[in-house]
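Let me begin by handing over the structure; questions about it come next.
The values are calculated or read from the model by the stated rules, or taken from the named source; none is laboratory data. Everything quoted here is computed from the prediction, not taken from an experiment. Every residue, glycine as well, gets a Cβ built from its backbone with ideal geometry; the counts of neighbours run over all protein chains shown. Protein only, heavy atoms only, side chains kept; ligands, DNA and RNA dropped before computing areas. Shrake-Rupley method; radii C 1.70, N 1.55, O 1.52, S 1.80 Å.
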Amino acid sequence: MTNKESLQTISGRTGYSVSTVSRVLSGKGEQYRISRHAIETITREARECNYTPDLIAKGLRTRKTNTIGLTVPSIDNPFFSNLASIITNSLRNHGYNIILADSMETEQLETDALDSFVSRKVDGIIAVPVGTSPGHLEKISISVPVVLIDRYFPDTVLPYVCTDNYYGSLTATRYLIDKGYRNLLAIQGGPTSMPNRERVRGFEDGVKESEGKGIRYSVTGDAFSSENGYASTLRALDSVNPPDAVFAFSTTIMLGALTAIREKGLKIPDDIGIISFDNNRFLDYLDPPITRIEQPATQIGRIASDMLVGMIRDFPSDSCHKSQIFIRPSLVEGRSC
């Protein structure tokens, strides 16, 4: 085949108009109610002739690159890798490609990634922010639509889609107390992150609700990591008053806590209970299956993706697509507490 395949040549061979071919190959076939047969015919012909769109020319014409920048704070964290996968699939359905950056919970790396996105002329940005101020993101949002996920800033004008971390933590704490646990250890992640602060607040309010029941508690830890979970649990178990239940603020923290508990020869839930924030299918295959608070990752990813696409379409107007949304998580019962 010649290397000069174009919308016109595909139009000539398939019998469909150039505009129809263009809409199908840009992922807008369903939007324009083009028949399934036409979409399949055009897509098959483009694949067989190895058609490659001239993205540079298209970008110059439309000032769009069909790319979205996505930042997460730790891609090796199962929650964020799952969330990134959901967003990638959602945006691909809208015809976008993803540039993924791992900020590694570092403000400077996040700033570098955001600036790189802007220099690459991305059409929009979805970010899990790691800083304490929205200033840089708000400045970028003047020229590029931005949606925050998982974390937010209290006074920001930026749209966001987040888990109601306070409700989830309150639910987990009530569950432990209702199960009869009276000496609770909460192992937190990064103390400055918004989700962590809300989980601490929910945990402490849950304990306060049970005033008079003799509840003892402590909050310790400094990172959403298995190392933090292991070290924090080991210290607590070696203390004068060891906990009878552990509330891990993430799956990674929980895995470290499990290691420490087993090293001490303790059985779950006979000797100590454990509950975790975040869900993953592998938790059902642990012995025992872990009780956890499941974040609505699928909803967050899809809603944020749809919101960003709507903002890109209407940008720079203040559209109705910009919202600040909290979604409540749910309790998944295992047999660990």
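Determine the pairs where a residue that is in contact (Cβ under 8 Å) with a residue 40 or more places away in the chain and under 11 Å from Thr132 (Cα atoms), located within the range 146-163, has a partner that is open to solvent by 10 Å² or more (accessible area, probe 1.4 Å) and assigned to a strand (DSSP E or B) with Cβ atoms under 8 Å apart, the partner being 6 or more residues away or on another chain.
These pairs meet every condition: Arg151/Tyr160; Tyr152/Tyr160; Tyr152/Gln324.
If I filter the range 71-103 down to residues being part of a loop (DSSP other than H, G, I, E, B) and open to solvent by 50 Å² or more (accessible area, probe 1.4 Å), which single residue comes out as farthest from Val122 (Cα to Cα)?
Looking only at the range 71-103, we keep the residues that are part of a loop (DSSP other than H, G, I, E, B), and these are 73-77, 94-96, 103.
Now drop any that are not open to solvent by 50 Å² or more (accessible area, probe 1.4 Å), which leaves 75-76, 94.
On the way: Ile75: 21, Asp76: 24, His94: 15 Å.
Across the range 71-103, the extreme among qualifying residues is Asp76.
Residues to consider are Ser103, Ser133, Ser81; find the one that is in contact with a helix residue (DSSP H, G or I) (Cβ under 7 Å, 6 or more places away or on another chain) and free of Cβ contacts under 8 Å to residues at least 40 places away in the same chain. Write out each step before concluding.
On the way: Ser133 fails: in contact with a helix residue (DSSP H, G or I) (Cβ under 7 Å, 6 or more places away or on another chain); Ser81 fails: in contact with a helix residue (DSSP H, G or I) (Cβ under 7 Å, 6 or more places away or on another chain).
After applying the criteria, what remains is Ser103.
Looking only at the range 292-311, decide whether some residue is open to solvent by 60 Å² or more (accessible area, probe 1.4 Å), more than 21 Å from the chain's Cα centre (by Cα) and touching a residue at least 60 places away in the same chain (Cβ under 8 Å).
No, the range 292-311 has no match at all.
I would also like to ask the following. Got at least one residue in the range 212-233 being of a type in the set (Asp, Glu), farther than 21 Å from Thr106 by Cα and not in a loop (DSSP other than H, G, I, E, B)?
First pass over the range 212-233, keeping only residues of a type in the set (Asp, Glu): 222, 227.
Imposing the further condition that a residue be farther than 21 Å from Thr106 by Cα reduces the set to none.
No; the residues of the range 212-233 include none that is of a type in the set (Asp, Glu), farther than 21 Å from Thr106 by Cα and not in a loop (DSSP other than H, G, I, E, B).
Here's a follow-up. Could you tell me how many of the residues in the range 319-337 are touching an Asp or Glu at 6+ places or on another chain (Cβ under 7 Å), more than 30 Å from Leu266 (Cβ to Cβ) and modelled with pLDDT of 95 or more?
Looking only at that region, the number is 3.
State which residue pairs qualify: first residue farther than 18 Å from Asp238 by Cα and inside the range 259-279, second residue open to solvent by less than 50 Å² (accessible area, probe 1.4 Å) and basic (Lys, Arg) in any location, beta carbons under 8 Å apart, and separation of 6 or more residues or different chains.
Ile275/Arg292; Ser276/Arg292; Phe277/Arg199; Phe277/Arg292; Asp278/Arg292; Asn279/Arg292
Here is a check on your reading of the model: is Ser193 farther than 21 Å from Arg328 by Cα and buried (at least 16 other Cβ atoms within 10 Å of the Cβ)? I'd like the intermediate steps shown before the answer.
Details: farther than 21 Å from Arg328 by Cα: no; buried (at least 16 other Cβ atoms within 10 Å of the Cβ): yes.
Considered against the rule, which asks whether it is farther than 21 Å from Arg328 by Cα and buried (at least 16 other Cβ atoms within 10 Å of the Cβ), Ser193 comes out as no.
What are the pairs with Cβ atoms under 9 angstrom where one residue, in the range 228-249, is touching a residue at least 40 places away in the same chain (Cβ under 8 Å) and the other, located anywhere, is assigned to a helix (DSSP H, G or I) and charged (D, E, K, R)? Sequence gap at least six, or different chains.
Phe247/Arg199; Phe249/Arg199
Can I ask one more? Hey, could you check the range 199-254 for residues that are of a type in the set (Phe, Trp, Tyr) and under 30 Å from Asn82 (Cα atoms) and say which is surrounded by the fewest Cβ atoms within 10 Å (Cβ to Cβ)? Reasoning before the result, please.
At the first step, the residues of the range 199-254 found to be of a type in the set (Phe, Trp, Tyr) are 203, 217, 224, 230, 247, 249.
Still in the list and also under 30 Å from Asn82 (Cα atoms): 203, 224, 230, 247, 249.
Working: Phe203: 23, Phe224: 28, Tyr230: 20, Phe247: 31, Phe249: 31.
The qualifying residue surrounded by the fewest Cβ atoms within 10 Å (Cβ to Cβ) is Tyr230.
Next up: Only one of Ile261, Ile274 is in a strand (DSSP E or B) and touching a helix residue (DSSP H, G or I) at 6+ places or on another chain (Cβ under 9 Å). Can you tell me which? Spell out the reasoning first.
Values: Ile261 fails: in a strand (DSSP E or B).
Step by step, each of Ile261, Ile274 is checked, and only Ile274 is in a strand (DSSP E or B) and touching a helix residue (DSSP H, G or I) at 6+ places or on another chain (Cβ under 9 Å).
Here's something else I'd like to know. Tell me, which residue of the range 135-151 that is more than 13 Å from Lys322 (Cβ to Cβ) and either within 17 Å of the chain's Cα centre (by Cα) or β-branched (Val, Ile, Thr) (or both) is most open to solvent (accessible area, probe 1.4 Å)?
Ile142
May I pose another question? Can you name the residue in the range 152-176 that is β-branched (Val, Ile, Thr) and under 21 Å from Phe315 (Cβ atoms) and is also most open to solvent (accessible area, probe 1.4 Å) among such residues?
Within the range 152-176, the subset β-branched (Val, Ile, Thr) is 156-157, 161, 163, 171, 173.
Right, trim to under 21 Å from Phe315 (Cβ atoms) and you get 156-157, 161.
On the way: Thr156: 10, Val157: 109, Val161: 0 Å².
Only one residue fits best here, namely Val157.
Looking at Pro243, Pro316, Pro289, which one is at pLDDT below 95, farther than 18 Å from Pro195 by Cβ and part of a loop (DSSP other than H, G, I, E, B)? Let's see the steps before the verdict.
On the way: Pro243 fails: at pLDDT below 95; Pro289 fails: at pLDDT below 95.
After ruling out the rest, the residue left standing is Pro316.
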